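See structure below.
Each value in this text was obtained by applying a stated rule to the coordinates, not by laboratory testing. Everything numeric in this text was worked out from a predicted model, so none of it was measured. As a convention, Cβ positions derive from the backbone with ideal geometry for all residues, glycine included, and neighbour counts pool all protein chains shown.
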Amino acid sequence: MIHMQPDAVISHFPHKRMEAWKWTDLRMSVSEEHMGLTRAVTPRLTLPDGVSCSPGNRHHGSSGVMPTLAAGFAPVCWNIRVPTGLNVQGPLRIDNLSGGHACMFIRVDKGASLDIEEYHQGPDRRFSNMDLQVHLAEGSRLRRVVVQNDPGNAVRVATACIAAEKHSILEQYMLSFGGALSRLETRLYSEGEGIEATMNGAYLLDGRRHTDMTGHVEIAGSHCTVRQSVKGVVTDKSRGVFQGKFHVKQAAQHTDARMRHDALMLSDTTEVRARPELEIYADDVACAHGNTIGALDENVLFYMRQRGIPQARSRSMLTEAFVAEAFDDLDDAASKQSLLTRVQEWLA
Amino acid sequence: MNADVKIKDSIDRGTVDSVRALEADRYKYGFDSDIDQEFAPKGLNADIVRFISEKKNEPEWLLGLRLQAYERWLEMEEPTWANTDYPEIDFQDMYYYASPVKKEGPKSLDEVDPDILAVYNRLGISLKEQEVLAGVQGAPKVAVDAVFDSVSVVTTFKKELAKQGVIFCSFSEAVQDHPDLVRRYMGSVVPMSDNYYATLNNAVFSDGSFVYIPPGVRCPMELSTYFRMNAQGTGQFERTLIIADKDSYVSYLEGCTAPMRDENQLHAAIVEIVALEGAEVKYSTVQNWWPGDSEGKGGVYNFVTKRADCRGANSKVSWTQVETGSAVTWKYPSCILRGDNSQGEFYSIAITNGCQQADTGTKMIHLGENTRSRIISKGISAGRSNQTYRGLVSSHKKARGARNFTQCDSLLIGDQCGAHTVPYVESNTASTQFEHEATTSRLSDDRLFYCRQRGLSEEDAVALLVNGFCREVLQELPMEFAVEAQNLVAISLEGSVG
Amino acid sequence: MQAFPKLSEAWEFGINLGKHDETLQSKDEALMLKINNLSVVVNNGEATILSGFNLDVPAGEVHAIMGPNGAGKSTLSYVLTGRDGYDVTEGSVTYRDENLLDMEPEERAVAGLFLSFQYPLEIPGVPTLTFLRTALNAQLRARGQEELSAPDFMKRARSVAKELRIKPDMLKRPLNVGFSGGEKKRMEIFQMLLLEPAFIVMDETDSGLDIDALRVVADGVNALRSPERGMLIITHYQRLLDYIVPNKVHVLAGGKIAVSGDADFARTLEADGYDTYAA
Ligand SMILES: Nc1ncnc2c1ncn2[C@@H]1O[C@H](COP(=O)(O)OP(=O)(O)OP(=O)(O)O)[C@@H](O)[C@H]1O
Ligand SMILES: [Mg+2]
């Protein structure tokens, strides 16, 4: 446990002169008025049958300033464990992640399977910093559905570091509505062969909201498959940031990795920043990334209006279809529907 | 090629071995020529800067600018963000001025130092251009402003160009003869302290080319410059300024080779292009400097700042580059799309082999309305080389209707090399349409097999497929360069199949 | 002409033609569409495509428009349907006594104007059926009619699809995404039959269709022929007009109707080419 004054904490925060935070200036976005800078918050966990939780120590080494601060302020790291071979029924729900630092470690043992639902939302003017570490043992599977929906003056950083052993499966779906600043970062370390990862997400921003979806995937084993697709919709004076990186190491032959970011700008005052990066040291790979930024296609809008669909409706239909693609592969109908409903509500 | 490069089963071992044998003289342009040089003393200080300026008989303002740049440079730090790794450069262990000793100044080609002409011969400058140099009647019209080390030695076709009002001369001459143009445009695209190497260039630039195309003139020939670094340990700090006045057009070719060296050579040029209303500039480069031996020893460091300002409405600048040389490359030919409806293009082939490192790409800065840009980048990494495409596409709030399309493909040959893509995209207006696609893959075994089944050797098949991979860029090159470039692609990849 | 017997059964679901005619019936029965001295520029006035263009289409008639590439046929179709970027600098267009040019594209659609696009657009992420149900119900609602329930809509869509030999799984795919050229054209006709427009503009709907598809499409169009409907058929080929016999044939050249004739005139044109008429 560390003790620091709020201003001292802020002085440790990353800022725009640091390459990884170039477009997300955390230091400038937080003030001493933000509650939670120097305290821990205890996540509320709804544990399904067979999943245990106990206070313990932090597992991995540090992976950046923010997780280190979280570990420093949180008195315990919540250790969640799914035993070997257990196919957990029903989701592990995690909420109450606002207004402080939280530290969690989830271990999914060999052949086990777990679904998590994380809700990152809370009252006004909170600062929240979550450090989530995950270990996926051989042949295990994790589905992570993340909803972030904060007030426009809240600041949030959520970092997940996922170490995956061979033949494990990660499915991740994020939906973010931003805040004064939200940074949702996922770091995946594929340590074995045959890992399959899906890392999709969408951000929908209005007002002066800011979301930063950052992904870092390191692939060290062969025959891994990675699919990442992030969709952004921004309007008013909001700003969307996407940073993605696939780092394919020399041994990671037969990697099949695809990254996409597509953003729709619905008003002239918005900003979108993207950096889809590939760093590749193995030759027998198929890696690709794509990025598009633009407005709705006027020709398609005209086509729809020609068929009698009013302009506003045409726009929302197209936007919804655009966003929904990020959740196409989510094969839990209820979970998918709940994400889509949130999207529709935002569009309405 | 390195011994520990893993050879794929699919490849005929014999082919690889025979190519290895060729390796020794692979760099056929690596040789020295003995020409008297007049050196400034080694090292860099304010006096050296004064010496250079004095040698060139420069006006006061230019000396002032050099000194100011030198002061700024002292305070700057060498950038480290590029994906490159090389031993620290000792800036005090270099010469900053060298020129072939002037006899009387050649009045015709006959008077040119035969050694220099011999250098061109051995460089394999195309027959066409040799004819041009030799002044053969009816020779194709390619104007060659030959930069031998630092001082321009030969300029041909000046008269014909002059008829149209086109100015094509060495930068030093332009300083003497067209001071107003130089003073007005120099540094207006690349500010004096833009970056570390550009600032250094401002302090010690040696010579380069100057081009001015008057309003409404379509330059009657392609302007071509061969650069060649020759003196041991001589840094090259070329300075090129191209001004295309209203509604004019010019195509400019730059090509280079360098002799074999043990010591690293630093090359930090600045190229500035200004395109006024309705003007179009096409700038093509074939860069084939000494990349170092197969262990990466020696070789040129190429830290260049190239930038175009599409200042006028409806102007257009197109950069095409074939980069096969240098030990370390750091180069981002860019366009500032300031004029409404202006267009920028960047077509690039970069091939790295052996231990080469290249960090190259472009920046397209959209400021004006309806500005368009197009980026096609093809990177091929072989051997133990590393290559990075680094690009920025951005749109300003006022850049309504801005469009960019980027296609960025990398090919890996062998499993000891790396290919990286780092695009930055920043959009500040909804009417922007930015599209970026990138792929990384390797040569398909199936296609290789198909070619070999039809009787092509492994090497030929690779060359064929790689040329196909680069086609979109090759076809942007002017005719003069296209064939050379195609051969270069094949030569650069010799011994790399795997 | 071949009848289209099964299709009429489909009409019994939802709106029938008679009903919406009551609300939308033209006061001037004789003239459905009247284009008077129309001038159209594109590219912010940089190019004039139509000038001094006149055309009248009475209800119940089918008019064919032919003419060389780039003459402005598609431009005409876009002006009628209100696409941005096509500016009318002179003249008027009256549709059922209303000033068509004052209306938004969707208002024109609600008023019964349907364009079968020369190049139908792909709409990623929006399944064909969702799109169509939204369009149909938006039109019904705007006309003050009752929307169609999901099962009723499905029944009707399936039935029409069957007539046009459109595979049901195609209706689940996003509209036109990855469809072949011919499939896209067939999908336009599918939409036309579902929406039952009062005035139809078909822009080269026959291009890209194989012989069988052409017949299916023509049967569909003929089934829609009625004394209350008007049609403009833009085409380059006589073969479509063999199936859908027009009342009049016009040649668009030099920005206006250069010459007009009867159904046989199209045959002459196909034999002689446009050169004689192009200004
Ligand atoms: N938005 C536009 N901007 C500039 N020119 C345009 C635009 N739309 C159409 N044009 C030009 O207007 C002319 C008429 O085009 P249009 O598509 O109406 O021809 P068309 O008769 O349908 O030809 P086709 O038989 O090939 O389909 C063409 O020269 C075309 O290039
Ligand atoms: Mg047309």
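Across segment A:57-125, the mean sequence separation of Cα contacts (distance under 8 Å, 6 or more residues apart), normalised by length, yields a relative contact order of 37 percent.
Would you tally the net charge around B:G401, using a Cβ to Cβ cut-off of less than 13 Å, leaving B:G401 out, and scoring K and R as +1, D and E as -1? Local net charge: +1. Overall, segment A:6-296 carries a charge dipole of about 400 debye about its Cα centre when +1 sits on the Cβ of Lys and Arg and -1 on the Cβ of Asp and Glu, all other atoms neutral. Ordered from longest to shortest, the equivalent ellipsoid semi-axes for segment A:28-124 are 27, 16, 10 Å, each the square root of 5 times a Cα gyration tensor eigenvalue.
In sequence order, what are the phi-derived ³J(HN,Hα) couplings for segment C:52-65 according to the Karplus relation 6.51 cos²θ - 1.76 cosθ + 1.60 with θ = phi - 60°, rounded to whole Hz, with x for glycine and proline? Using θ = phi - 60°, the values come out as x, 8, 10, 7, 10, 10, x, 4, x, 9, 10, 10, 9, 10 Hz.
3J(HN,Hα) along segment C:221-238: 5, 4, 5, 7, 5, 7, x, 8, 9, x, 9, 10, 10, 8, 7, 9, 10, 5 Hz, from the Karplus curve 6.51 cos²θ - 1.76 cosθ + 1.60 with θ = phi - 60°, whole Hz, x for Gly and Pro. Summarising the amide proton neighbourhood of A:Y203: residues at separation of 5 or more, or on other chains, whose placed amide H is nearer than 5 Å comprise A:S176, A:K231, A:G232, A:V233.
Count charges around C:K185 for me, please; just the other residues with Cβ under 11 Å from its Cβ, Lys/Arg as +1, Asp/Glu as -1.
Values: positive: C:K184, C:R186; negative: C:E183, C:E188, C:D203, C:E204, C:D206, C:D210.
For residues surrounding C:K185, the net value is -4.
One equal scatterer on each Cα of segment C:27-101, no solvent, Debye formula: the resulting log10 I(q)/I(0) at q = 0.13, 0.19, 0.22, 0.25 Å⁻¹ is -0.38, -0.79, -1.02, -1.25.
Take each residue in C:134-141, count the other chain C-beta atoms within 10 Å of its C-beta, and the mean is 4. Using the alpha-carbon positions of segment B:331-408, Rg (one decimal) and Dmax (whole number) come out as 14.3, 45 Å. Here's how it looks for A:G244: its modeled amide H is under 5 Å from those of A:G215, A:R275, A:E277, which are all 5 or more places away or on a different chain. For chain C, averaging the sequence separation of C-alpha pairs within contact (under 8 Å, six or more residues apart) and dividing by the residue count gives a relative contact order of 26 percent.
Classified by the C-alpha gyration tensor, segment A:6-296 has an oblate form. Its axis ratio a/c, with a ≥ b ≥ c, is 1.5 or above, and a/b does not exceed b/c. Measuring spread by the Cα atoms of segment C:157-250 yields a radius of gyration and Dmax of 13.0, 39 Å.
Taking a ≥ b ≥ c as the square roots of the Cα gyration tensor eigenvalues, segment C:81-140 comes out oblate, since a/c reaches at least 1.5 and a/b does not exceed b/c. Cysteines in chain A lacking any other cysteine Cβ under 4.7 Å from their own Cβ: A:C53, A:C161, A:C224, A:C287. Name the residue from C:L240, C:Y95, C:P174 whose Cα lies farthest towards the positive end of the charge dipole of chain C, charges +1 on Cβ of Lys and Arg and -1 on Cβ of Asp and Glu. Value: C:P174. In this structure, the amide hydrogen of A:G194, modeled 1.01 Å from its nitrogen in the peptide plane, lies closer than 5 angstrom to those of A:H167, A:S222, A:H223, A:C224, counting only residues at least 5 positions away or on a different chain. Sequentially through segment B:74-88, phi angles give Karplus couplings (6.51, -1.76, 1.60; θ = phi - 60°) of 4, 8, 8, 10, 5, x, 10, 6, 5, 7, 9, 8, 8, x, 4 Hz, Gly and Pro residues having no value and appearing as x. Only helices enter the 222 nm calculation for chain C: every DSSP H run of n ≥ 4 contributes -39,500 (n - 2.57), and dividing by all residues gives -11000 deg cm²/dmol, rounded to 500.
State, as an integer percentage, the relative contact order of chain A based on alpha-carbon contacts under 8 Å between residues 6 or more apart. Working shown, then result.
On the way: 1007 pairs, mean separation 34.6, N = 348.
RCO, chain A: 10 percent.
Taking Cβ atoms as reference points and 11 Å as the exclusive limit, the residues near A:N291 contribute a net charge of -1, counting Lys and Arg as +1 and Asp and Glu as -1. Separation of segment C:240-268 from segment B:312-361 is 54 Å, based on Cα centroids. Overall, the ratio between the Cα radius of gyration of segment C:8-278 and 2.2 N^0.38 Å, rounded to two decimals, is 0.98. Rounded to the nearest 500, the 222 nm mean residue ellipticity of chain A from helices alone is -5000 deg cm²/dmol, with -39,500 (n - 2.57) taken per DSSP H run of at least 4 residues.
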